[in-house]
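For reference, the structure discussed in these notes is given below.
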Amino acid sequence: AQSVTQLGSHVSVSEGALVLLRCNYSSSVPPYLFWYVQYPNQGLQLLLKYTSAATLVKGINGFEAEFKKSETSFHLTKPSAHMSDAAEYFCAVKKSGSARQLTFGSGTQLTVLP
Amino acid sequence: SQTIHQWPATLVQPVGSPLSLECTVEGTSNPNLYWYRQAAGRGLQLLFYSVGIGQISSEVPQNLSASRPQDRQFILSSKKLLLSDSGFYLCAWSVPTGGSPLHFGNGTRLTVT
């Protein structure tokens, strides 16, 4: 069975600083990996996805993530935080061939300080 | 393009009352459909998923049920709500292929009083 661990339930950064949200996964087979963002009282919005085409994945809003198989990691980064990036971020893993669902991490709340 | 509609956005119901939340998807055929719940300060819990009309898989035994009467319609129901049913309910769909992501609706905030 696959699982996802997001290190740090709360992360604070200053506006303009680097954003780094950590995600480690466990899966017995090469997985599909996703990052979602959720703003208050809204649904989850897909930021980016890894589907084995390239290890560095670029997403919306200037975010990107790098798949590192040796570290079983899929950390989310953004060079310069903006106030509008304040939200909750979820990492998710899906097993290849699974029609079931994504396994979500517990989420990281990002606060951007002025 | 595909869109997902979920309603109502907010709902306040007394304990013991029934529940019906509806979700519809447009612009795609034979999607996989999902119901998730987020309790306050907690992560996402998969409640039900469906790979076709009338095909419902339940992930968590509880007093909720789901139905899929049409290809792009997914309904979450309860005969008698409990206080513990309060939360944020999210419907989602995906194309039924391996690497497809889930696409979420805007959610329903349910408060059981």
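Values in this text are rule-based calculations from the coordinates and carry no lab data. Every value quoted in this text rests on a predicted model; they were computed, and no experiment measured them. Please note: Cβ atoms are built from the backbone with ideal geometry, for glycine as well, and neighbour counts cover all protein chains shown.
Taking the Cα atoms of the protein assembly as shown, the ratio Rg/Rh between the radius of gyration and the Kirkwood radius comes to 0.97. Applying Stokes-Einstein at 37 °C and 0.692 mPa s to the Kirkwood radius of segment B:28-113, computed over alpha-carbon pairs, gives a translational diffusion coefficient of 245 µm² s⁻¹.
For chain B, modelled as a GNM whose springs connect Cα atoms under 10 angstrom apart, the maximal fluctuation among B:SER94, B:SER29, B:SER50 occurs at B:SER29. When only alpha carbons are used to place a centre, segment B:50-86 and segment B:6-43 end up 9 Å from one another. Counting 0.36 nm for each residue step from A:ASN41 to A:ALA53 and taking away their Cα separation leaves a gain of 1.0 nm. Sequentially through segment A:60-71, phi angles give Karplus couplings (6.51, -1.76, 1.60; θ = phi - 60°) of 7, 6, x, 7, 8, 9, 10, 7, 10, 5, 5, 9 Hz, Gly and Pro residues having no value and appearing as x.
Electrostatic bookkeeping for B:HIS103 treats Lys and Arg as +1 and Asp and Glu as -1; over the other residues with beta carbon under 15 Å from its beta carbon, the sum is +2. Under conditions of 20 °C and 1.002 mPa s, chain A yields 152 µm² s⁻¹ as its translational diffusion coefficient, taking Rh as the Kirkwood radius over Cα pairs in the Stokes-Einstein equation. Each of A:GLU66, A:GLU71 was scored by other Cβ atoms within 10 Å of its Cβ. Arranged with the fewest first, they read A:GLU71, A:GLU66.
Note on chain A: GNM, Cα springs under 10 Å; of A:ALA54, A:ALA65, A:ALA92, the largest mean-square fluctuation is that of A:ALA54.
Where does each of A:HIS82, A:HIS10 land when they are ranked from fewest to most other beta-carbon atoms within 10 angstrom?
In order of increasing Cβ crowding within 10 Å: A:HIS10, A:HIS82.
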